Amino acid sequence: MTADSTPALVKQADADTDGPAPAAPPAARGPRARNTKAYLKYVAAKIVGAAVSLFAVLVTSFFLFRLIPSDPVKQMTGGRPVSAEQLESLRRQFGLDQPMWQQFTSYVGDALTGDFGTSFQFHAPVMDKITEALPATLLLTGTAYVLYSALGIWLGTRTAWRNGSKSDRFNTALALTLYSVPSFWLGLLLIIVFSVGVGPIPGMFPTGGLESGNESGFAYVLDVAHHMVLPVITLVAVGYAQTLLVMRSSLLDEMGSDYLTTARAKGLRDDTVRRRHAVPNAMLPTFTLMFVNLGHVVAGQILVETVFSWPGLGGLFYQGLSVPDLPLVQGLFFVFATAVILANTLADLLYPLLDPRVGR
C-alpha cells in the first residue's frame with residue numbers, strides 16, 4: 001500500500017508546486033504610459049483648438065470685409081456712367097443680390113472645398129491668383145526668414161553672454177530701434193537712399209518689382225537677386241531685431257541657473273557651457289517665435305510688398321482691398337490665418353519634445 005500511495009503523494013506535491021498556468025503579462029503602466037496618454041490628449045486638444053480657430057477665421061473673413069463702406073460693383077466700373085440695370089446685372093453675376101445668410105452659407109460650403117469664388121477685378125478663380133502669387137512671396141519672405149533667424153539667434157547669444165559690454169549695449173540699442181521702426185517707412189527710406197540716390201550715394205537698386213523683364217538664364221537669376229536686395233534688407237532688419245531681443249532675454253534668464261554653475265565646476269570650458277547647456281535651454285522661447293514667423297512667411301508682408309511693388313500675396317491683398325474684391329481678400333485672409341494657425345499648432349506639438357514638462 002505504501003508503494004502504491006507514494007506516487008500519488010508525489011503527483012499531488014508536483015501539482016501543488018506547478019500551480020495554475022501563467023497569466024498574460026499586464027498592460028504597460030507607470031510614468032511612461034501616463035506620459036504617452038497625457039501627450040496624446042495634449043495633441044488632440046491642440047488639433048481641436050486649431051480646427052475651431054480655422055472655422056472662426058472662416059466666419060470672420062466673410063463678415064469683416066463687408067464692413068468696408070464701399071460698393072464693389074461701382075468700384076469695378078471705374079467711375080464710368082453705368083445704368084441701374086447694368087449694376088443689377090453685375091450684382092446678380094457675382095451673387096451680391098442674394099440675402100446675406102445665403103451668401104454666407106454658399107461661401108462656407110465652397111471654402112471648405114477650397115473654392116473661394118471668382119475675383120471681381122481679375123475675373124479668375126481666387127485660388128488660381130493665390131497660386132500664381134505664392135512663389136514670389138515664398139522667395140522673398142523665405143529668404144529673409146532664414147537670414148534674420150540665423151542672425152538674430154547668433155547675435156542674441158553673443159550679446160547675452162557678454163552682458164553689459166559695449167557690443168551688448170550697441171546691438172541691443174540697434175535692435176530696439178529697428179524693432180520700433182515701421183517696416184514700410186524703412187522700405188521707403190531705403191528706396192530714397194539706394195534707388196533714387198542721395199548726395200554722393202548713387203541709385204544702385206531698382207525701386208521695385210521682381211524682374212526687369214528682358215533677362216534669361218543665369219542673368220535672370222542675378223536680375224531677380226538684384227531686385228530682392230532692398231526688400232530683403234527691410235524684412236531682415238525688423239525680423240532679426242525681434243529674434244535677437246527674445247534670444248538675449250531667454251539666455252540671460254538661464255545664465256544664473258545652478259546647472260551652469262555645476263557644468264563650470266566640472267571643468268568645462270565657457271564656450272562649451274554656452275553651446276551645449278545654456279543655448280539649447282534658452283532656445284525654447286525663440287523656437288516658438290520662429291514658428292510664429294514661419295506662418296508669416298506664407299502671409300507675406302503686405303506693406304513691404306506694396307512699397308516695393310513685389311508681385312506676391314501681400315501686394316495682391318492690397319489690390320483686393322482697393323476695390324474691395326471680396327472673394328479675393330476673403331480667400332487671402334483665410335490663407336494667411338491658416339498658415340499662422342498651422343505653424344503655431346506645429347510648434348505646440350513639437351514643444352513637448354524639447355521640454356518634457358509641457359504636455360505631461
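Would you mind stating whether Leu147 is closer than 15 Å to Thr234 by Cβ and either aliphatic (A, V, I, L, M) or loosely packed, with under 15 Cβ neighbours inside 10 Å (or both)? Steps first, please.
Values: closer than 15 Å to Thr234 by Cβ: yes; either aliphatic (A, V, I, L, M) or loosely packed, with under 15 Cβ neighbours inside 10 Å (or both): yes.
Spelling it out, Leu147 is indeed closer than 15 Å to Thr234 by Cβ and either aliphatic (A, V, I, L, M) or loosely packed, with under 15 Cβ neighbours inside 10 Å (or both).
Inspect all residues belonging to segment 291-307 and state whether any of them is open to solvent by less than 10 Å² (accessible area, probe 1.4 Å), modelled with pLDDT under 90 and farther than 27 Å from Val229 by Cβ. The answer is no, given that none of the residues of segment 291-307 is open to solvent by less than 10 Å² (accessible area, probe 1.4 Å), modelled with pLDDT under 90 and farther than 27 Å from Val229 by Cβ. The single condition among (1) modelled with pLDDT under 90; (2) in contact with a Leu (Cβ under 7 Å, 6 or more places away or on another chain); (3) open to solvent by less than 70 Å² (accessible area, probe 1.4 Å) that Gly217 does not meet is (2).
Condition (residue is open to solvent by less than 30 Å² (accessible area, probe 1.4 Å), part of a helix (DSSP H, G or I) and touching an Asp or Glu at 6+ places or on another chain (Cβ under 6 Å)) applied to segment 187-200: is it met by at least one residue?
At the first step, the residues of segment 187-200 found to be open to solvent by less than 30 Å² (accessible area, probe 1.4 Å) are 187, 190-191, 195, 197.
Restricting the remaining residues to those that are part of a helix (DSSP H, G or I) gives 187, 190-191, 195, 197.
The next check asks that each one be touching an Asp or Glu at 6+ places or on another chain (Cβ under 6 Å); those that pass are none.
Scanning segment 187-200 turns up no residue that is open to solvent by less than 30 Å² (accessible area, probe 1.4 Å), part of a helix (DSSP H, G or I) and touching an Asp or Glu at 6+ places or on another chain (Cβ under 6 Å).
Conditions tested, residue by residue: (1) more than 24 Å from Trp310 (Cα to Cα); (2) modelled with pLDDT of 85 or more; (3) in contact with a Lys or Arg (Cβ under 8 Å, 6 or more places away or on another chain).
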{"residue": "Gln98", "(1), (2), (3)": "yes, no, no"}
{"residue": "Gln102", "(1), (2), (3)": "yes, no, no"}
{"residue": "Ala111", "(1), (2), (3)": "yes, no, no"}
{"residue": "Gly114", "(1), (2), (3)": "yes, no, no"}
{"residue": "His123", "(1), (2), (3)": "no, no, no"}
{"residue": "Leu138", "(1), (2), (3)": "no, yes, no"}
{"residue": "Thr143", "(1), (2), (3)": "no, yes, no"}
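For segment 160-176, the set of residues classified as open to solvent by less than 80 Å² (accessible area, probe 1.4 Å) and closer than 22 Å to Thr234 by Cα consists of Asn171, Thr172, Ala173, Leu174, Ala175, listed by residue number. Annotation note: of Pro327, Pro285, Pro352, the sole residue that is in contact with a Lys or Arg (Cβ under 9 Å, 6 or more places away or on another chain) and either surrounded by 21 or more Cβ atoms within 10 Å (Cβ to Cβ) or under 28 Å from Val48 (Cβ atoms) (or both) is Pro352.
Please list, ordered by residue number, the helices (runs of 4 or more DSSP H) wholly in segment 227-314 having 3 or more residues that are of a type outside the set (Ser, Thr, Tyr) and closer than 30 Å to Met204 by Cβ.
Working: elements: 258-265, 270-273, 279-299, 302-307.
Filter on segment 227-314 gives 279-299, 302-307.
For the structure I just gave you, tell me whether Gly142 is part of a helix (DSSP H, G or I) and touching a Ser or Thr at 6+ places or on another chain (Cβ under 6 Å). Answer is no for this residue. Here Asp258 meets each of (1) over 29 Å from Ile341 (Cα atoms); (2) touching a helix residue (DSSP H, G or I) at 6+ places or on another chain (Cβ under 7 Å); (3) open to solvent by 50 Å² or more (accessible area, probe 1.4 Å) with one exception, condition (2). Inside segment 178-206, can you point out the residues that are in contact (Cβ under 8 Å) with a residue 24 or more places away in the chain and closer than 30 Å to Arg274 by Cβ? Those that are in contact (Cβ under 8 Å) with a residue 24 or more places away in the chain and closer than 30 Å to Arg274 by Cβ: Leu178, Tyr179.
For Gln102, state whether it is open to solvent by 50 Å² or more (accessible area, probe 1.4 Å) and in contact (Cβ under 8 Å) with a residue 12 or more places away in the chain.
Working: open to solvent by 50 Å² or more (accessible area, probe 1.4 Å): yes; in contact (Cβ under 8 Å) with a residue 12 or more places away in the chain: no.
The answer is no for Gln102.
Take the conditions (1) in contact (Cβ under 8 Å) with a residue 24 or more places away in the chain; (2) open to solvent by 40 Å² or more (accessible area, probe 1.4 Å); (3) in a helix (DSSP H, G or I); Phe336 misses just one of them, which is (2).
Against the list (1) on the phi > 0 side of the Ramachandran plot; (2) not in a loop (DSSP other than H, G, I, E, B), the condition Gly209 fails is (2).
The values are calculated or read from the model by the stated rules, or taken from the named source; none is laboratory data. Predicted model only: the values in this text are computed from it and were never measured. Neighbour counts run over all protein chains shown; Cβ positions are idealised from the backbone, glycine included. Heads up: the accessible areas ignore ligands, DNA and RNA and are worked out on the full protein's heavy atoms, side chains in. Shrake-Rupley method; radii C 1.70, N 1.55, O 1.52, S 1.80 Å.
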